[in-house]
Each structure stands twice: as structure tokens, then as C-alpha cells.
Amino acid sequence: MNQPGRLVIHDDPYDIYAKLNWEANEFELKRTSSEKPIDIDGMVYLLQDACISAASLVEWLEKAAHVEARRQGKQVDKQLFENEVLSWLPDFALARAIANTFKHATYRDEGWGDAEVRLEVLFSDEQHARLKATEGTDAFDALYEDEATEADYALTFVRNHDKHQLAAPDFVLGLTHGALRLLDHTLQDFERLFAKGT
């Protein structure tokens with residue numbers, strides 16, 4: 001059956017939210033999977049996708065606000081809209097930076113600042129003991145590689161100028177929860193985002 005419309009199934013910002021929510025759930029499943037080695041690349045891809053979806057959701061919401069404003073002969077106050085987004089998505093600048101960096105193939109600082117991404121290997125106490133026993137020997141590198149495939153990992157964003165740290169799981173969860181609250185709070189009440197006197 002020829003159904004090209006199934007490739008474009010998004011009609012409103014809630015459809016974009018459904019995609020974001022799926023990506024966040026898949027990210028959490030990969031992160032908490034007991035299977036080793038952990039699919040770090042898959043986690044990063046899902047994180048990138050969640051950022052792209054969050055940025056798209058805000059763009060779709062802004063477009064809907066402009067459509068409603070024009071229908072009423074008014075204009076959206078851009079600052080009010082941005083304040084609304086940030087009240088529900090305080091780390092949206094980071095999501096937009098990741099989305100735009102992915103899109104444009106160069107880092108785009110969207111206001112979150114000089115972000116650094118840290119991938120830290122989290123060895124268990126037993127693994128630390130085994131590694132310590134071979135420290136300084138020829139066997140260390142091979143053992144480290146073996147232990148790393150069985151270890152857990154932490155992905156953290158660090159804003160260097162103020163040392164703010166944001167764990168990737170908290171970031172992704174914040175995107176999906178904040179996006180839903182943003183939509184529920186805003187989509188049916190655009191009038192309060194309109195410029196006064198228009």
C-alpha cells in the first residue's frame with residue numbers, strides 16, 4: 001500500500017512531544033540496561049535526537065502562537081514567548097546548541113555557554129581493586145579495556161564559566177517533562193503571549 005503520509009505523521013506540537021517522549025524512554029532503557037557493554041553511541045544518538053525534537057517542538061509551538069496571533073490581528077511578544085519556554089525548559093539553550101551543532105556541523109553556542117561533555121567510566125569497587133593490582137604493569141592497559149566494557153558510564157555536561165554540571169539523564173528527563181508542561185500550559189492560552197497594544 002502506498003502511504004507516503006505515514007512518513008509525515010506530525011500535525012501539531014503534541015506529535016513532536018510524542019517523538020521526544022519516545023526518545024527519552026529509549027535513552028533511559030539503554031542507560032539502565034544490564035547488558036554489557038553499554039551502547040554508549042546509541043545513548044548519544046538518542047540524546048541528540050531528543051535535543052532536535054525539543055528544539056522542533058518549541059519551533060512548532062511558536063509557529064502555532066503566530067498563527068493564532070495573526071488570526072486575532074495581534075503579534076507574539078518574542079520575549080514573553082522565550083520567557084515561557086525557559087520557565088518550563090531551563091536548559092533549553094543546551095538542547096538548542098546540541099541540535100544546531102548537529103545540524104550545522106559546528107558548535108553553536110545558543111546561550112548555555114562554553115559547554116563541555118564528559119564521559120566518565122564508573123568502575124565498581126571490585127574493578128578498581130583489580131585495576132589497582134595491575135597498575136604500573138604491562139597487563140594494565142589490556143585489563144582496563146576489559147573492565148571498561150563491563151563498567152557503567154556517566155555522561156555529564158559542564159558549563160565551564162560557572163562550573164554548573166548537568167547529568168545527561170536529568171537533562172533528557174527535564175526535556176520531556178518540561179516540554180509536556182510547556183505545551184499543556186501554553187497551547188490553549190496564547191493570548192497572554194501577545195504583545196500589548198496590538
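The values are calculated or read from the model by the stated rules, or taken from the named source; none is laboratory data. Computed from a prediction, not measured in an experiment: that's the story for all the values here. So basically every Cβ, Gly included, is an ideal-geometry build from the backbone, and we count neighbours across all protein chains shown. What goes into the accessible areas is simple: the full protein's heavy atoms, side chains included, and nothing from ligands, DNA or RNA. Shrake-Rupley method; radii C 1.70, N 1.55, O 1.52, S 1.80 Å.
Can you tell me which residue within the range 149-183, out of those that are in a strand (DSSP E or B) and among the β-branched types (Val, Ile, Thr), is farthest from Asp15 (Cα to Cα)?
Kept after step one, since they are in a strand (DSSP E or B), are these residues of the range 149-183: 152-159, 164-167.
Okay, now just the ones that are also among the β-branched types (Val, Ile, Thr), so 156, 158.
Details: Thr156: 28, Val158: 31 Å.
Selected residue: Val158.
If a residue must be open to solvent by 50 Å² or more (accessible area, probe 1.4 Å) and either in contact with a Ser or Thr (Cβ under 8 Å, 6 or more places away or on another chain) or modelled with pLDDT under 90 (or both), how many such residues does the range 31-53 contain?
Residues flagged as open to solvent by 50 Å² or more (accessible area, probe 1.4 Å) and either in contact with a Ser or Thr (Cβ under 8 Å, 6 or more places away or on another chain) or modelled with pLDDT under 90 (or both) within the range 31-53 amount to 7.
Quick one: in the range 78-97, of everything that is open to solvent by less than 80 Å² (accessible area, probe 1.4 Å) and among the charged types (D, E, K, R), which residue is nearest to Leu46 (Cα to Cα)?
Of everything passing the filter in the range 78-97, Asp91 is nearest to Leu46 (Cα to Cα).
Filtering the range 65-97 down to residues that are basic (Lys, Arg) and part of a helix (DSSP H, G or I), which residue is modelled with the lowest pLDDT? Can you show your working first?
Pass one, the range 65-97, residues basic (Lys, Arg): 70-71, 74, 78, 96.
Among the residues that remain, those that are also part of a helix (DSSP H, G or I) are: 70-71, 78, 96.
Numbers: Arg70: 96, Arg71: 95, Lys78: 96, Arg96: 91.
So, considering only residues that are basic (Lys, Arg) and part of a helix (DSSP H, G or I), the one modelled with the lowest pLDDT is Arg96.
Please give the number of the condition Leu94 fails out of (1) in contact with a strand residue (DSSP E or B) (Cβ under 7 Å, 6 or more places away or on another chain); (2) within 24 Å of Asp170 (Cα to Cα); (3) without any contact (Cβ under 8 Å) to a residue 40 or more places away in the chain.
Unmet condition: (3).
Of the residues that sit in the range 98-117 and are touching a residue at least 40 places away in the same chain (Cβ under 8 Å) and in a helix (DSSP H, G or I), which one is least open to solvent (accessible area, probe 1.4 Å)? Walk me through how you get there before you give the answer.
From the range 98-117, those touching a residue at least 40 places away in the same chain (Cβ under 8 Å) are 98-100, 102-103, 112-117; that's our starting set.
Filter again for in a helix (DSSP H, G or I), leaving 98-100, 102-103.
On the way: Ile98: 30, Ala99: 10, Asn100: 35, Phe102: 120, Lys103: 149 Å².
Across the range 98-117, the extreme among qualifying residues is Ala99.
Given the criteria in contact (Cβ under 8 Å) with a residue 12 or more places away in the chain and under 16 Å from Leu47 (Cα atoms), does Tyr153 qualify?
Criteria met by Tyr153.
If I go through the range 149-195 residue by residue, how many of them are of a type outside the set (A, V, I, L, M, F, W, C), open to solvent by less than 70 Å² (accessible area, probe 1.4 Å) and within 14 Å of the chain's Cα centre (by Cα)?
5
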